[in-house]
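The values are calculated or read from the model by the stated rules, or taken from the named source; none is laboratory data. Because the structure is a prediction, the values reported are computed rather than measured. Here the Cβ is made from the backbone with ideal geometry for all residues, glycine too, and neighbour counts use every protein chain on show.
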2 protein chains.
Amino acid sequence: MIARVFVTLKPGVLDPQGAAIRRSLGQLGFDGVNSVRQGKVIELDLAETDPKAAKKRVTEMCEKLLANMVIENFEVELEP
Amino acid sequence: MIARVFVTLKPGVLDPQGAAIRRSLGQLGFDGVNSVRQGKVIELDLAETDPKAAKKRVTEMCEKLLANMVIENFEVELEP
C-alpha cells in the first residue's frame with residue numbers, strides 16, 4: 001500500500017525557499033503570483049495492507065520523524 | 001486560486017534522501033517500509049481565476065523553473 005505524506009510549514013512560519021521561488025518566477029515574467037510556500041511530499045511503500053492500520057502507523061512516523069511538529073503540519077493520504 | 005505542484009523524482013533516479021528516511025524509520029522500529037521517495041510540494045497563490053488558464057501557466061512555470069525535467073516529474077492540482 002502506498003502512503004503519501006505532505007509536510008508543509010505552519011502558517012506564519014517564514015519560508016525563504018518559497019520567497020526565492022516567487023522572486024525567480026517574477027524575474028522569468030510570471031506575474032500574478034501572490035505567494036509561494038514550499039513543502040515536502042514523502043511517498044512510502046508499505047507492506048501493511050489494512051488502510052486503518054497503515055494510516056495510524058504513518059501518523060506515528062510523521063510525529064516521530066517525518067515532520068517537525070513545532071513548525072510543520074502534515075497530511076496523510078493513502079492510495080490503495 | 002491555489003495551485004499545488006508535486007515534483008517527484010522519475011523512477012530509476014537515485015533518491016538518497018528517501019533512502020535515509022527509510023533507514024531512520026527502521027532504526028526507530030518502523031518495519032514493513034519497502035521503499036521511500038521524497039519529493040517537493042509547491043503551493044502557489046495565483047491572481048488568475050480561470051482554472052484552464054491557471055493550469056497552463058503553472059505547467060509553464062514547472063517546465064521553466066519548478067521541475068528539472070531531466071530527472072523529475074510534476075503534477076499540477078488546482079483548488080478552487
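So the values come out like this:
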{"item": "Per-region count, segment A:1-29, residues touching a Leu at 6+ places or on another chain (Cβ under 7 Å) and either modelled with pLDDT under 95 or in a loop (DSSP other than H, G, I, E, B) (or both)", "result": "3"}
{"item": "Segment A:1-26 residues that are in contact (Cβ under 8 Å) with a residue 12 or more places away in the chain and basic (Lys, Arg), paired with ones that are outside any strand (DSSP E or B) and surrounded by fewer than 18 Cβ atoms within 10 Å (Cβ to Cβ) (beta carbon under 6 Å, 6 or more apart)", "result": "A:Lys10/A:Ile71"}
{"item": "Flag if A:Val36 is outside any helix (DSSP H, G or I) and among the aliphatic types (A, V, I, L, M)", "result": "yes"}
{"item": "Any hit, segment A:1-8, residues being of a type in the set (Val, Ile, Thr), surrounded by 14 or more Cβ atoms within 10 Å (Cβ to Cβ) and more than 9 Å from chain B (Cβ to nearest Cβ)", "result": "yes"}
{"item": "Extreme residue, surrounded by the fewest Cβ atoms within 10 Å (Cβ to Cβ), among residues of segment A:51-62 that are under 17 Å from B:Gln38 (Cα atoms) and more than 10 Å from chain B (Cβ to nearest Cβ)", "result": "A:Thr59"}
{"item": "Conditions (1) within 17 Å of the chain's Cα centre (by Cα); (2) surrounded by fewer than 20 Cβ atoms within 10 Å (Cβ to Cβ); (3) more than 7 Å from chain B (Cβ to nearest Cβ); (4) not β-branched (Val, Ile, Thr); number of the one not met by A:Ala67", "result": "(2)"}
{"item": "When residues of segment B:9-50 are limited to those that are at the interface with chain A (Cβ under 8 Å from one of its Cβ atoms) and among the hydroxyl-bearing types (Ser, Thr, Tyr), the one surrounded by the fewest Cβ atoms within 10 Å (Cβ to Cβ)", "result": "B:Ser35"}
{"item": "Condition check for B:Glu72: farther than 21 Å from A:Lys64 by Cα, charged (D, E, K, R) and modelled with pLDDT under 95", "result": "no"}
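Conditions (1) in contact with a strand residue (DSSP E or B) (Cβ under 7 Å, 6 or more places away or on another chain); (2) among the aliphatic types (A, V, I, L, M); (3) within 30 Å of A:Thr49 (Cβ to Cβ), marked per residue:
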position: B:Lys10; (1), (2), (3): yes, no, yes
position: B:Gly32; (1), (2), (3): yes, no, yes
position: B:Val36; (1), (2), (3): yes, yes, yes
position: B:Gly39; (1), (2), (3): yes, no, yes
position: B:Glu48; (1), (2), (3): no, no, no
position: B:Ala54; (1), (2), (3): yes, yes, no
position: B:Val58; (1), (2), (3): yes, yes, no
